[in-house]
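Taking it in order: structure first as structure tokens, then the write-up.
The values are calculated or read from the model by the stated rules, or taken from the named source; none is laboratory data. Being a predicted model, the structure only gives us computed values, none of them experimental. Counting neighbours? That spans all protein chains shown, and the Cβs are built from the backbone with ideal geometry, glycine included.
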Amino acid sequence: MKKLIITYGSSLILIILLWFLFLISPLREKRKEIRSACSEAQTRLEDIRNTMVQFPRHFTKEKAMEQEKQRLMTQLFSKDDLIRLFGDLQNIAQSHDLTIMEITPSIEELLQMNSRALQDNLPQPLDISVKLGGRFPDIGEFINVVENEKFYHGVNICKIVAASDGGYPMAEFGFKVILGEAGIS
């Protein structure tokens with residue numbers, strides 16, 4: 001009988017161990033995996049929450065930087081603005097039967113203008129000098145039309161010289177232009 005009790009007891013212990021190994025142990029492992037996945041998901045949610053909190057600040061900062069960029073861009077003369085201005089002057093001269101020999105903004109002034117652009121908010125002036133040839137009335141009409149243009153901001157020099165060989169007179173017309181907000185743009 002003692003042997004039978006030991007056999008039953010050891011069988012019962014063996015069944016309990018097998019039950020534990022095959023049924024309970026995998027459930028414990030699965031529970032550990034679920035806890036680990038939950039803590040990982042909670043960490044991700046916290047990261048997402050922190051990111052969502054930072055979005056408004058990021059967009060506000062980005063918008064402010066874009067506005068500052070636009071403000072600085074309005075202060076600079078772009079290559080397109082200068083080409084458009086030169087094209088406008090060429091068209092005005094051609095419509096009055098004048099020949100433009102030279103259009104010059106000075107290099108020094110372009111360099112100074114770029115350094116000033118970073119210091120203030122205002123559109124900056126640029127001195128332009130146009131040398132042209134044609135008849136006196138056509139030169140006068142050209143100057144009158146340019147003075148009525150939006151970009152015109154005052155005369156610097158106006159010199160008209162009669163040709164010594166009896167041909168058309170030569171004129172140099174220097175004036176200040178404003179491009180950007182108050183001018184061409």
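Structure values in brief
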item: Test: residue in the stretch 1-9 that is assigned to a helix (DSSP H, G or I), surrounded by 10 or more Cβ atoms within 10 Å (Cβ to Cβ) and either of a type in the set (Asp, Glu) or in contact (Cβ under 8 Å) with a residue 40 or more places away in the chain (or both); result: no
item: All positions within the stretch 132-157 that are in a helix (DSSP H, G or I) and not polar (S, T, N, Q); result: 136, 137, 138, 139, 140, 141, 142, 143, 145, 146, 147
item: Criterion: under 20 Å from residue 173 (Cβ atoms), in a helix (DSSP H, G or I) and modelled with pLDDT under 85 - qualifying residue of 28, 84; result: 84
item: Options 77, 22: the member that is in contact with a helix residue (DSSP H, G or I) (Cβ under 9 Å, 6 or more places away or on another chain) and at pLDDT below 80; result: 77
item: Sole exception among (1) modelled with pLDDT of 85 or more; (2) acidic (Asp, Glu); (3) in the same structural domain as residue 153 (by TED's automatic domain parsing) for residue 109, by number; result: (1)
item: Failed condition for residue 138, given (1) surrounded by fewer than 17 Cβ atoms within 10 Å (Cβ to Cβ); (2) at pLDDT 85 or above; (3) acidic (Asp, Glu); result: (1)
item: Single unsatisfied condition, residue 43 versus (1) farther than 29 Å from residue 15 by Cβ; (2) among the hydroxyl-bearing types (Ser, Thr, Tyr); (3) modelled with pLDDT under 85; result: (3)
